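Heads up, the thing below is written out as structure tokens.
The values are calculated or read from the model by the stated rules, or taken from the named source; none is laboratory data. What you see is a predicted model; the values in this text were computed from it and never measured. Positions of Cβ are generated from backbone atoms using ideal geometry, with glycine treated the same way; all protein chains shown enter the neighbour counts. Heavy atoms of the whole protein, side chains included, go into the accessibility calculation; ligands, DNA and RNA do not. Shrake-Rupley method; radii C 1.70, N 1.55, O 1.52, S 1.80 Å.
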Amino acid sequence: QQQGGEAESDLEGHSTTGVCWDAAVVLADLLGHAPSVLLSFSANLGRSTDAHRDWDWAQKVVVELGCGTAALPSCAAALHAPRAVLCTDGNARALGLAAENVRRWTEAHPRAAVPTLAQLRWGDCAEAEVLQSVGLTPPVDVILAADCIYVLENPGGWGKLLATITALSAEHTLAFVTYVDRGHDKLWRRFLTQRVHPLFRVTEVPPHLLHPVAHPGAKGRLEQLTPRQTVYSWARRPAAGAGSRE
């Protein structure tokens, strides 16, 4: 999900979009847990008896950011038959390939929800417009972002991603964002502290609940030399003046 220059580039060249990264497998697998487990990771929903009692996939709208060509987390969410699943990416060519992959996947899983695809470039302030084009409105219920945190040829991408997640979310939104250190961990920690924490309560999903490819040395892992994959739950903080005690 590159913003800007790579948006229409040749996927056979250097492109983060044309690969199904380990994080997509990890996040897709995580969605197989029961809703009570998923909700427990959210600082807003984890202790809410109402949320645990009422939360039902059938009523939820799911949006994946940076779905690439595979849209694997979206397909995993679709297995729960939510009200809507929207796969988004900034790269129109990637979405064309994703559409074909999603079509084949849907044929093999006729009881699943049928994902919709739309181009969405982070930070363009077009989130509401894009969702409305497919009959949806923000905020949404579930946001998925697998391996959208990277630096290479993506200046300002983290801030743009944060802006888009903020535009799509509310206090009830369950958002999962994956991260792996590729040599920019200090920069990431500073970004979390200075930019993310003022807007979201961030908690880490326990490593033992993650798919084996989250861990270095696992068979079938695409990136064998990177550290463990981390999955964070981002829970939107109450708006100023909304009665927050923080």
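At a glance:
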read-out: Pair residue 99, residue 226: separation of 7 Å Cα→Cβ label points (nm); value: 2.8
read-out: Partnerless Cys - the chain, beta-carbon criterion under 4.7 Å; value: 20, 75, 125, 148
read-out: Accessible surface of the chain, 1.4 Å probe, proportion on carbon and sulfur as whole %; value: 53
read-out: Expected 222 nm ellipticity per residue - DSSP helices of 4 or more, -39500 (n - 2.57), all of the chain, to 500; value: -8000 deg cm²/dmol
read-out: Nearest-0.05 FRET efficiency for residue 114 and residue 48, computed from C-beta distance (R0 25 Å); value: 0.25
read-out: The chain - charge dipole about Cα centre, Lys and Arg +1 at Cβ, Asp and Glu -1, debye rounded to 20; value: 660
read-out: Pairwise Cα inverse-distance average, inverted: Kirkwood Rh of region 164-246 (Å); value: 14.5
read-out: Kirkwood hydrodynamic radius of region 33-145, from inverse mean 1/r over distinct Cα pairs, in Å; value: 14.6
read-out: Unit Cα scatterers, Debye sum, region 81-190: log10 I(q)/I(0) for q = 0.18 Å⁻¹; value: -1.03
read-out: log10 of Debye I(q)/I(0), alpha-carbon scatterers only, for region 47-110 at 0.11, 0.18, 0.19 Å⁻¹; value: -0.30, -0.66, -0.71
read-out: Stokes-Einstein D (µm²/s) once Rh is taken as the Kirkwood radius of the chain over alpha-carbon pairs, at 25 °C in 0.890 mPa s; value: 135
